[in-house]
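Just below is one structure, and these are the notes that go with it.
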Amino acid sequence: MKKEIIEHLGTEITDLQKKLAGKYYEDLKWEVVRDMMVDKRIRLDGRQLDQVRPLAMEVDPLPTPHGSSLFTRGETQSLTTVTLGTKLDELMQETAASAEYTKFFLHYNFPPFSTGEVKMMRGVGRREVGHGNLAMRSLKQMLPDTTTFPYTLRVVSDVLESNGSSSMATVCAGSLALMDAGVPMPKHVSGVAMGLISREDGKYAILTDILGDEDHLGDMDFKVTGTRDGICGVQMDIKVDGLSMDIMREALSQAKKGRLHILDAMYECMPAARADVKPHAPRMVKLIIDKEYIGAVIGPGGKIIQEMQRTTGATINIEEVGNHGEVSIFSANKDSLDAAVKWINGIVAVPEIGDEYEGVVKGVKEFGAFVEFMPGKQGLLHISEISWKRLETMEGIYNEGDVVKVKLVGLDPKTGKFKLSHKALLPRPEQAPREDRGPQA
């Protein structure tokens, strides 16, 4: 129609006439489209007012991230990844009045190619920050507490294509990716964007899962996120002076129907969170220790904790919380993690007489050997406790670094030193004199 008007005006059309033709065309389009949806109850793409566009989703499309998902709804698509980190990866969030650290953050990227445009790839603007914040607040409602899952979580949503409500696609893709990463979320979170077309005669139409043009031509962009049991977040932009309670009730009810429809598809794709993080994902263990052992784990000037990290390859963080200490151990290798856990448990464990240990010889003297049977704890393995046979010398018996099995048989009440025995773990020879035999008649 616009082309026909310009052709009708002929070659002598002025720039002002071209500009006016464009303006009148946009005004006409605005009226025609809105009247069609209000009167005929048909939308731009032929959908019903409460109909959600076709859905397609999958988890684990990328082999390397700790969690990933691809969520498509109509012409809107989000590729979302999850990265697991340690306490050292927490993000500081600053406001005018405070600065605090958070263990969960979400980044939303909206590149120009997602809407078919060619532009410079610059930093995120207010729109990206706002959309990412809505998705972050919505997903945060379902995250486990740090005691259950101590990781720091970073979610990144890359919008590959957009035609309406990429922030809601980010919520859905983020929920799928978090469960794919093994984050024990109890429920999926989905989101849907609602639109409104209203007229002066009082007629209106509420639209589910709006297109980009329906957002542009409509009066409302009302985003609602939540689970099957309730709402996690809302955000509204309106171009009218206000909304009646009847419209709000209808919009929320229609949003719930659309949200549940999307949730059904999400549960079909990923029924629940993975039981464990992926094999290539880093491992983390949190230990609770007595407050008095914090110094022993750290060591003078951090010597012990630095040696543990250097030897095992694990990252260890310790902090005082109330009347106890929390030790977070993080490693990409399970053997490294287990070694660090064993080391720390050895430091905080209390040796008990009668327990057996596998120790390392730290020094050899003429009267016996000093054996480290627990991290930071040494005892004397006297020459008389090595074998049931009488040994005249320690020469050739043990060398530094040798591994020996010992039993804790006593504690010197005066010095507090541990007494160890190896022969207590050996079978008693028949000819050996019994220590409990009384005097002979």
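Could you go through region 272-295 and let me know if any residue there is of a type outside the set (Asp, Glu), closer than 28 Å to PHE222 by Cα, crowded, with 16+ Cβ neighbours inside 10 Å and under 21 Å from the mean Cα position of the chain (by Cα). The answer is no, given that none of the residues of region 272-295 is of a type outside the set (Asp, Glu), closer than 28 Å to PHE222 by Cα, crowded, with 16+ Cβ neighbours inside 10 Å and under 21 Å from the mean Cα position of the chain (by Cα). Over 30 Å from HIS280 (Cα atoms), without any contact (Cβ under 8 Å) to a residue 60 or more places away in the chain and either hydroxyl-bearing (Ser, Thr, Tyr) or crowded, with 20+ Cβ neighbours inside 10 Å (or both): does that describe VAL224? Considered against the rule, which asks whether it is over 30 Å from HIS280 (Cα atoms), without any contact (Cβ under 8 Å) to a residue 60 or more places away in the chain and either hydroxyl-bearing (Ser, Thr, Tyr) or crowded, with 20+ Cβ neighbours inside 10 Å (or both), VAL224 comes out as yes. Just one residue in the set LEU84, LEU143 is of a type outside the set (D, E, K, R) and buried (at least 20 other Cβ atoms within 10 Å of the Cβ); that residue is LEU84.
Which residues, taken from region 341-374, are closer than 22 Å to GLN309 by Cα and without any contact (Cβ under 8 Å) to a residue 40 or more places away in the chain? Residues satisfying the conditions are LYS342, TRP343, GLY346, ALA349, LYS362, GLU372, MET374. Candidates ARG154, ARG127, ARG122: the one that is at pLDDT 95 or above and either in a loop (DSSP other than H, G, I, E, B) or not β-branched (Val, Ile, Thr) (or both) is ARG154.
Evaluation of VAL285 against the conditions (1) free of Cβ contacts under 8 Å to residues at least 12 places away in the same chain; (2) in a strand (DSSP E or B) shows that the sole unmet condition is (1).
Within region 319-333, does at least one residue satisfy the condition of being more than 19 Å from THR148 (Cα to Cα), surrounded by fewer than 16 Cβ atoms within 10 Å (Cβ to Cβ) and of a type in the set (S, T, N, Q)? The answer is yes; a qualifying residue exists. What do you reckon, is GLY258 in a helix (DSSP H, G or I), closer than 30 Å to GLY325 by Cβ and of a type in the set (Gly, Ala, Ser)? Spelling it out, it is not the case that GLY258 is in a helix (DSSP H, G or I), closer than 30 Å to GLY325 by Cβ and of a type in the set (Gly, Ala, Ser).
For residues that are over 18 Å from the mean Cα position of the chain (by Cα) and assigned to a helix (DSSP H, G or I), scanning just region 170-219, find the one that is surrounded by the fewest Cβ atoms within 10 Å (Cβ to Cβ).
Taking region 170-219 and keeping what is over 18 Å from the mean Cα position of the chain (by Cα), we get 191-219.
So of that shortlist, the ones also assigned to a helix (DSSP H, G or I) come out as 212-217.
Details: GLY212: 16, ASP213: 15, GLU214: 23, ASP215: 17, HIS216: 12, LEU217: 20.
Within region 170-219, the match that is surrounded by the fewest Cβ atoms within 10 Å (Cβ to Cβ) is HIS216.
Restricting region 235-251 to residues that are surrounded by fewer than 17 Cβ atoms within 10 Å (Cβ to Cβ) and in contact (Cβ under 8 Å) with a residue 12 or more places away in the chain leaves a set whose member that is farthest from the chain's Cα centre (by Cα) is VAL240. Tell me, yes or no, whether region 304-325 has at least one residue that is in a helix (DSSP H, G or I), under 24 Å from ALA281 (Cα atoms), modelled with pLDDT under 90 and basic (Lys, Arg). No: region 304-325 contains no residue that is in a helix (DSSP H, G or I), under 24 Å from ALA281 (Cα atoms), modelled with pLDDT under 90 and basic (Lys, Arg).
Count of region 9-64 residues, restricted to those that are part of a loop (DSSP other than H, G, I, E, B), farther than 28 Å from GLY164 by Cα and of a type in the set (A, V, I, L, M, F, W, C), is 1.
The values are calculated or read from the model by the stated rules, or taken from the named source; none is laboratory data. Keep in mind the model is a prediction, meaning the values are calculated, not measured. With ideal geometry, Cβ positions are generated from the backbone for all residues, glycine too; neighbour counts draw on all protein chains shown.
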